[in-house]
Amino acid sequence: MSRITDAFKDKRVFIPFITGGDPDIETTEKLVRVLAKAGAGVIEIGIPFSDPVAEGEVIQAADERALKAGCTVDKLFSMVTRLREDVTTPLLFMTYYNAIFGYGTERFIEKCVQCGIDGLIVPDLPFEEMGELLAPAHEGGIEVISLIAPTSDERIDTIARQSEGFLYCVSSLGVTGVRGQLGGLAKHMVERAKRVTATPCAVGFGVSNAEQAAEIAKFADGVIVGSAIVRLVAEYKTASEQPVFDFAKGIVEAIS
Amino acid sequence: MAKIKICGICRKEDVRYVNSALPDYIGFVFAPSKRRVTHAQAAELRSLLDSRIIPVGVFVNAPIDEIAELYKSGVIQIAQLHGGENADYIRKLKDVCNVPIIQALRRGCGDSICDLADYVLFDSSKGGTGTPFDLGDVVNTVPHLKALLDLRGFFSSDKAEDEGLPSQVKEDNAVRRKKDRKDTMVLSAEQYMCDKPWFLAGGIDAGNIDTALSAAPYAVDCSSGAETDGVKDETKIHALTERVRNEAKRLNKGRFGQFGGQYIPETLMSAVLELEREYLKYKNDSEFTAELNELLAQYAGRPSRLYYAEKMTRDLGGAKIYLKREDLNHTGSHKLNNVLGQILLAKKMGKTRVIAETGAGQHGVATATVAALMDMECEIFMGKEDTERQALNVYRMELLGAKVNAVTSGTATLKDAVNATMREWAARMNDTHYVLGSVMGPHPFPTIVRDFQAVISREIKEQLLSKEGRLPDAVLACVGGGSNAIGSFYEFIKDETVALIGCEAAGKGVDTPQNAATIANGRTGVFHGMKSLFCQDDFGQIAPVYSISAGLDYPGIGPEHADLFETGRASYVAVTDDEAVDAFEYLSRTEGIIPAIESAHAVAYARKLAPTMDKDKIMVVTVSGRGDKDVAAIARYRGIDVHE
């Protein structure tokens, strides 16, 4: 069993997302430790991209801040190497395909393996195009997380069947961002996926507080929270450790 | 993404094989067959079956209670009916247990069965007519499956129409219909198309599964093809399942060489797949084509003139120069060709709202125009920087009833406007069509936009043949994303003697940081849904680009251009701001034609190229738009303060 899937054994998993290098690499490094301490089961680190088409305004702004502050993927590889001295939580990179392709896919995977990244989430690489990343990733033992959306419909069966790590269930239409209400779409999607796969299902896009997380944990194996945390980082900047810890702790308790 | 069913599972070994290969469905046959299983056997096999595989029960005229019992006890999850079951039978079965149904189609089973079933199954080996026909037959006809079935007498949809008529009239009607259908099958097949997901069965094996998959069924159903000596073969089951899986990952969808593809978030996939399906349905539909041609003629003012620029020719002293006057289209650019096509398509698809990105504002104006004409709600996304450069066009779009959103993210130019429009589409695709303005983005956009712009080169060819009796030696057009260029090139791609030259924006020079010359400075990347050439840094971050022309200020190029460049069929040159402004003034003074600053890039290169060509050579330059919108900006470029 993979390290990522392993994290889901016997518990509901909190999967936080933070944008790497926002406001700077040092803060991101501290935040990863803080999230692990608060009980996150898997942690997503975003590699900032110039044109993040699947993101809402909160993460778009974080990407712009991080790039302006000089964040590069090389700096993030070094950061992960340092984190791996003491952090054992599975770590994922989330980024757009050109950040991988432009760097050189094989070289990118090699670096991921060296520094201790467990998996990748690439939102602009749908099932049909995923083949060109899967082969080199699998060679390095890196898992690629698949996404399903409310509009995926019967694609869910095919995607879910071949998913690995966990299945990222996008709870609503549109882009990432905090939403007041989450529809019943996510529950339906998870149920449909679970008919054909044993891969754990985690729900993301729009989850912003402990109540919503608890609601999702009733039917899903994991809860992904991004924009709500990134918003805290935007507000508290280099002093965001404590607020992020408190927030994360709240989510972990709500879903346990 | 086809699925696969392995039918006739009857031994424990068979279950072990499918558990490791994981097909989508397996079938237990409860009807007389050498693979028949009893209820008890099926229940035992079911208990060993991986929960990810859906078990289907295959029946021929079975008692309803038998199916219901197997379904309720969980031995099967779907019932596949192969006998003389009628609509009444299916209704009763649905009443008792609501089991999903795969209905094998047979002669005379009627439309109502198709309506009641959840899936249909088409057995190509028998087809219900008693006349065997092979897979090739099906494949040639699909996706006109229903038309084929109709011809073979599967449906009786004319009954209602004929109700109450004397029997002689009915017979005459039947004969006439049969003849009509044969004559018009290909043209009007879509209207007969069966809209239920369909299984294709009948002798599918490793040798013909590719052909079967090319017919794009919902699922393929394999039985004897997965056997050796009459029993299931593990290797064959694995091979067939793998083949179907790989088909879904095939990298050839919407590809131009290595370029193109569909690199978009899963949230958008259903929208582009719907668009692809609908476009294929309408592109050869005679009614759609007639409507579009009428609009192009009466509303856009096509064909656009192919004008012999005599003064320019004389002045440059080389090749004979013709200007393709897309600037004479309604709204003043080639953009309208594509917009009319796409919004007509959107209308047919039942959409009520259109959204679009725009750079210079030409595409935004064209979209707002056609939206007004066709009663569509319209929202345009435009980089904030561009809304300032092209303030008049913003007002123009608002005047036409569109809402214009200024995009402030990123570099606040065209690429950011595309990002914003994609985000908006992902959030609202049910009633909304994204009218992409260039030959870029995820498949099928580069193909759709090219097809709608190809009218330019079709006309050039026809007009030049009638004026000169021959093909041109060179065709020049400016390239941002590349829609007027591909439109100007397309008909000539196979005519190897015609040089195709795209003129991209070098801004302040290809060696300065301020340019938008993708071919000169870009490298292969993946962005905005496509694999193509992009201006980017070492880390794959998309580079900010610059050009005096907002319409060419884009960091990428359409995938078909990338392929034409890579294969050497077309060449691309870079033209600076200075050269373009000079050409803008030159064409105004020489021919009394003020070109768009974008088109002036092509004119600029024509000025360099024409004198190097012999006088008996012919060059066509596409003037993609008119320059009224640029006059104030050019004045400012020359240091004259003109207020719009």
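The values are calculated or read from the model by the stated rules, or taken from the named source; none is laboratory data. All values reported here derive from a predicted model rather than from experimental measurement. Note that each Cβ is placed from the backbone with ideal geometry, even for glycine, and that neighbours are counted across all protein chains shown. We work out accessible area using only protein heavy atoms, side chains counted, and drop any ligands, DNA or RNA first. Shrake-Rupley method; radii C 1.70, N 1.55, O 1.52, S 1.80 Å.
Per DSSP H run of n ≥ 4, the term is -39500 (n - 2.57); total these for chain B, divide by its residue number, and report the mean residue ellipticity at 222 nm rounded to 500 deg cm²/dmol.
-12500 deg cm²/dmol, from helical runs alone.
Express in nm, to one decimal, how much length is gained between B:THR524 and B:GLU44 on full extension, taking 0.36 nm for each residue of separation and deducting their alpha carbon distance.
167.3 nm
Let me know the Rg and Dmax you get for the stretch B:250-383 when you use only its Cα atoms, in Å.
That works out to 18.3, 56 Å for Rg and Dmax.
Order of B:558-570, B:82-94 by packing, highest average Cβ count within 10 Å first? Provide the component values of the computation, followed by the final result.
Values: B:558-570: 22.2, B:82-94: 16.2.
Ranked from most to least packed, the peptides come out as B:558-570, B:82-94.
Once you keep just the Cα pairs under 8 angstrom separated by 6 or more residues, what percentage relative contact order results for the stretch A:13-248? Please list the in-between numbers first.
Details: 466 pairs, mean separation 54.2, N = 236.
Rounded, it is 23 percent for the stretch A:13-248.
At 222 nm, what value in deg cm²/dmol follows for chain A if DSSP H runs of at least 4 each add -39500 (n - 2.57) and the sum is divided by all its residues, to the nearest 500? Display every interim value, and only then the final one.
On the way: 12 runs with 118 residues, N = 256.
My calculation for chain A gives -13500 deg cm²/dmol from helical runs alone.
At 1.4 Å probe radius, can you tell me the per residue accessible area of the protein assembly as shown in Å²?
On a per-residue basis, 37 Å².
Working out 0.36 nm times the residue gap between B:LYS403 and B:GLN298, then minus their Cα-Cα distance, what length gain in nm do you get to one decimal?
35.1 nm is the gain from fully extending B:LYS403 to B:GLN298.
Quick check: pseudo-label points 7 Å beyond the Cα along Cα→Cβ at B:ASN61 and B:ALA87, how many nm apart are they?
It works out to 2.1 nm between the two label points.
Taking a spot 7 Å from the Cα of A:GLU26 along the direction of its beta carbon, which residues of the stretch A:201-243 have an amide N less than 19 Å from it?
From the stretch A:201-243, the list is A:233-243.
Along each principal axis of its Cα atoms, how long is the protein assembly as shown end to end? Whole angstroms, biggest number first, please.
For the protein assembly as shown, the Cα spread along each principal axis is 91, 85, 47 Å.
Other chains' Cβ within 10 Å of B:521-533 residues: what's the mean?
3
To the nearest 100 Å², how much accessible surface do chains B and A hide from each other in total, with a 1.4 Å probe?
On the way: alone 26770 and 11000 Å², together 33640 Å².
For B against A, buried area totals roughly 4100 Å².
Which values, in whole Å and largest first, are the semi-axes of the equivalent ellipsoid of the stretch A:13-248 obtained as the square root of 5 times each eigenvalue of the Cα gyration tensor?
25, 22, 16
If the convex hull of the alpha-carbon atoms of chain B is projected onto planes in all directions, what is the mean projected area in square nanometres?
34.0
Quick one: if you stick a label point 7 Å off each Cα along the C-beta vector at B:LYS494 and A:ARG107, how many nm between them?
4.2
Return P(r) of the stretch B:483-583 (all Cα-Cα pairs; 5 Å bins starting at 0; whole %; ordered from short to long distances).
3, 14, 24, 23, 20, 12, 5, 1
From a point 7 Å beyond the Cα of B:GLU462 in the direction of its Cβ, which residues of the stretch B:271-302 have a backbone N at a distance under 20 Å?
B:283-302, by backbone N distance to the label point.
With Rg and the Kirkwood Rh both taken from Cα atoms, where does Rg over Rh land for the stretch A:165-256? Don't skip to the end; give the middle numbers.
Working: Rg = 13.6 Å, Rh = 13.6 Å.
Value, to two decimals: 1.00.
Express in Å², to the nearest 10, the accessible area of B:MET1 obtained by rolling a 1.4 Å probe over the protein heavy atoms while all chains stay in place.
In the full protein context, B:MET1 sits at about 70 Å².
Can you give me the % of accessible surface on the stretch B:305-389 that is carbon or sulfur? Probe 1.4 Å, all protein chains present, nothing else counted.
On the way: 1130 of 2470 Å².
Solvent-exposed carbon and sulfur of the stretch B:305-389 make up 46 percent of the total.
Extending each Cα 7 Å along its Cβ direction at B:LYS311 and B:ASP628, get the distance between those two points in nm, one decimal.
2.1
If I ignore ligands, DNA and RNA and count only protein heavy atoms, how much of B:TYR308 is accessible to a 1.4 Å probe, in Å² to the nearest 10?
80
So how far, in whole Å, is the C-alpha centre of the stretch B:543-578 from the one of the stretch A:45-95?
Distance between centres, Cα-based: 31 Å.
Arrange the residues B:LYS531, A:LYS111 by how much accessible surface each exposes, largest first, with a 1.4 angstrom probe.
So the residues, ranked largest to smallest area, are A:LYS111, B:LYS531.
Ordering B:ASP315, B:ASP14 by how much accessible area each has at a 1.4 Å probe, largest first, what is the list?
Of B:ASP315, B:ASP14, the descending order of accessible area is B:ASP315, B:ASP14.
Ordering B:LEU292, A:LEU173, B:LEU280 from largest to smallest accessible area (1.4 angstrom probe), what's the sequence? Let's see the in-between values first.
Details: B:LEU292 20, A:LEU173 60, B:LEU280 100 Å².
Largest accessible area first, the residues go B:LEU280, A:LEU173, B:LEU292.
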